[in-house]
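S.K.: The structure's right below; bear with me while I get my questions together.
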Amino acid sequence: MAAAKSPATSTSTPTTTSPTTDRRREELRDFLRTRRARLAPADVGMPEAGRRRTPGLRREEVAVLAGVGVSWYTWLEQGRDIKVSGEVLDAICRALRLDGREREHLYLLAGLNPPIAEALPAIPVTPELQRLLDAWSPRPGYVRDRYWNFLAINDAAREVFGYGDTDHNCLISFFTNVHYRALHAEWQAAAPGVVGRFRADVARYPDDPEFDRLIEDMHAASPEFAELWARHEVGGESQVRKAIHHPEAGDLVFEATQLPLPDRPGHNLILHNPLPGTLERLERHMTRIRLARAS
């Protein structure tokens, strides 16, 4: 068996801690203890050795599985003031069979930034989420993934923003859909913020090659995008204004709010709320559209 890791410690000098730090260490202690208690030796390929007064793995067994010192793991579980690396935390995650959410939680409790999420295949939109989008109409709404691909979109968003059947990506449509650009009354002013928000999203996934391909395609398709991308400006606001000059409905102004979907990493629900005066015009227009389709 490989020698146990010996993470650096800083336990010799007592330090004054804040209530927040004390609470985080208490949560860390309880979290590790409960994760350890739910596993039996047989679950991790270890023999049952002697009578156990408490259920689950012993601390020394977790230390062996993770390849760390027993004393160091005990200090960690006790919430002692010790230094810990992502490599060691990942070893403990594997030893305790933690899933992705539990791994992120452990990082946060240990005072480290959570690891960057791995690329995941697109997850189909649930019927419940689709019903939410449909119920939001006549207000525009859609769901997009980390690459800004549309995963679901309601009829109001297609009609108001000019998205056609060939529009599959929010960023590409913004810069290359001539109809969308003509409708957007503040396109020029909005473009830097769009690129800045996309750059902020890209930074969350530095090892995802799909972003490189998309950025390369955008450089070839849009000189405006290429110029804005070269500025290296970053913008992460979750609420923006969209002003549309619709040839039939008239002037429409929305506040667009981005809501992350916690159970779908990188996926966001984008809801557009009409400002005063817009809703009435929007409702009349969408009613005309529905009647025309029904006739």
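Laboratory data are not the source of any read-out in this text; all were calculated from the coordinates shown. Remember, it's a predicted structure, so these values are computed and weren't measured experimentally. Because the Cβ atoms are built from the backbone with ideal geometry, glycine has one as well, and the counts that use them run over all protein chains shown.
S.K.: Over all distinct Cα pairs, what is the inverse of the mean 1/r for segment 110-211, reported as the Kirkwood hydrodynamic radius in Å?
M.R.: One decimal place: 15.4 Å for the Kirkwood radius.
S.K.: Shifting gears a bit: Counting only helical runs of four or more DSSP H residues, what would the 222 nm mean residue ellipticity of the chain come to if each run contributes -39,500 (n - 2.57) and the total is spread over all its residues?
M.R.: It lands at -14000 deg cm²/dmol.
S.K.: While we're here: For segment 19-109, would you read off the P(r) tail past 20 Å as a percentage of all alpha carbon pairs?
M.R.: 30
S.K.: Can you list which of the DSSP-assigned H helices in the chain have a Cα extent of 20 Å or more along the long axis and an average Kyte-Doolittle score of at least -1.0?
M.R.: Helices passing the filter in the chain: 187-203, 278-294.
S.K.: Let me ask something additional. What number, in percent, do you get for the relative contact order of the chain if the mean sequence gap of Cα pairs under 8 Å and at least 6 apart is divided by its residue count?
M.R.: It rounds to 14 percent for the chain.
S.K.: Here's another thing I want to ask about it. Taking the Cβ of each residue in 218, 286, 46 as the centre, tally the other Cβ atoms inside 10 Å and list the residues starting with the fewest.
M.R.: By the 10 Å Cβ count, ascending: 46, 286, 218.
S.K.: Then there is this: What's the percent breakdown of Cα-Cα distances in segment 137-295 across 10 Å bins, shortest bin first?
M.R.: Reading upward from the zero bin: 10, 39, 36, 13, 2, 0.
S.K.: How would you rank 64, 160, going from fewest to most other Cβ atoms within 10 Å of each one's own Cβ?
M.R.: So the residues, fewest neighbours to most, are 64, 160.
S.K.: Give me the distance between the Cα centres of segment 240-267 and segment 54-83, rounded to whole Å.
M.R.: Distance between centres, Cα-based: 49 Å.
S.K.: Follow-up. What number results when the radius of gyration of the chain, computed over Cα atoms, is divided by 2.2 N^0.38 Å?
M.R.: 1.35
S.K.: State which stretch of the chain is the longest one without any exposed trypsin sites (Lys or Arg not before Pro), exposure meaning a DSSP loop state and at most 11 other Cβ atoms within 10 Å.
M.R.: No qualifying site falls inside 54-230, the longest such stretch.
S.K.: Starting from the 7 Å offset along Cα-to-Cβ, what nm value, one decimal, do you get for the label separation of residue 128 and residue 101?
M.R.: Modelled inter-label distance: 1.2 nm.
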